[in-house]
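The values are calculated or read from the model by the stated rules, or taken from the named source; none is laboratory data. What you are looking at is a predicted structure, and each value in this text was computed from that prediction instead of being measured. Virtual Cβ from ideal backbone geometry, glycine too; neighbours counted across all protein chains shown. Keep in mind that these areas ignore ligands, DNA and RNA; they rest on the heavy atoms of the full protein, side chains included. Shrake-Rupley method; radii C 1.70, N 1.55, O 1.52, S 1.80 Å.
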Amino acid sequence: QISLLIGFISVNNSPWTDYSAYSFFQIVTMCDLVMILFFYIMHIFRVYRKLTCVSWPLAEFLHYLIGTILLLIGSIVAAAKSYNITGLVAGATFGFLATILCVISMWSSYKVSCITQSTSRYR
């Protein structure tokens, strides 16, 4: 979350040369931040126990998958259109870092929710 926030702030405070590329990057980072905050609140208040009709591990996995793909695309476009402006390069760099961290989080979420459940069934 912190790397997404730093990437958003760096891009927001830099002079832009291509509005569509950085608007997309900002929208993707803000959507990821809001969705991550949403899932944290769901876990903190244990709302997932009351809403059993939703497959929360699948919802979290799909959130990370779609968010990671969009963040990777936004970071590639932001890096290609940065024109060596330091704030934009920093934003793209933190976007790539956030992409890697989202992949790690997606893998750990999948590993905890799906692999541990499947191994505990066969005991």
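Test Thr29 against the criterion of being assigned to a helix (DSSP H, G or I), touching a Leu at 6+ places or on another chain (Cβ under 9 Å), polar (S, T, N, Q) and surrounded by 13 or more Cβ atoms within 10 Å (Cβ to Cβ), and give yes or no. Answer is yes for this residue.
May I ask you to verify whether Leu88 is buried (at least 18 other Cβ atoms within 10 Å of the Cβ), outside any loop (DSSP other than H, G, I, E, B) and in contact with a Lys or Arg (Cβ under 8 Å, 6 or more places away or on another chain)?
On the way: buried (at least 18 other Cβ atoms within 10 Å of the Cβ): yes; outside any loop (DSSP other than H, G, I, E, B): yes; in contact with a Lys or Arg (Cβ under 8 Å, 6 or more places away or on another chain): yes.
Spelling it out, Leu88 is indeed buried (at least 18 other Cβ atoms within 10 Å of the Cβ), outside any loop (DSSP other than H, G, I, E, B) and in contact with a Lys or Arg (Cβ under 8 Å, 6 or more places away or on another chain).
Quick check on my filter: what residues within the stretch 48-84 are among the polar types (S, T, N, Q) and over 13 Å from Phe96 (Cβ atoms)? Across the stretch 48-84, the qualifying residues are Thr52, Ser55, Asn84. Residue-level check: of (1) modelled with pLDDT of 85 or more; (2) under 19 Å from Lys111 (Cα atoms); (3) not small (Gly, Ala, Ser), Ile27 misses just (2).
Every test in (1) loosely packed, with under 15 Cβ neighbours inside 10 Å; (2) farther than 18 Å from Cys102 by Cβ is passed by Leu37 save one, and that test is (2).
Return the residue satisfying two criteria in turn: it lies in the stretch 87-123 and is of a type in the set (Val, Ile, Thr) and at pLDDT below 85, and of such residues it is farthest from Met30 (Cα to Cα). Looking at the filtered set, the residue picked out is Thr119. Applying the selection to the stretch 42-72, what residues are within 21 Å of Ile27 (Cα to Cα), modelled with pLDDT of 85 or more and open to solvent by 50 Å² or more (accessible area, probe 1.4 Å)? Listed by number, the residues that qualify are Leu62, Leu65, Ile66, Ile69, Leu70, Leu72. Considered as a group, the residues in the stretch 73-85 that are open to solvent by 40 Å² or more (accessible area, probe 1.4 Å) and modelled with pLDDT of 85 or more include one that is nearest to the chain's Cα centre (by Cα), and that residue is Ile73.
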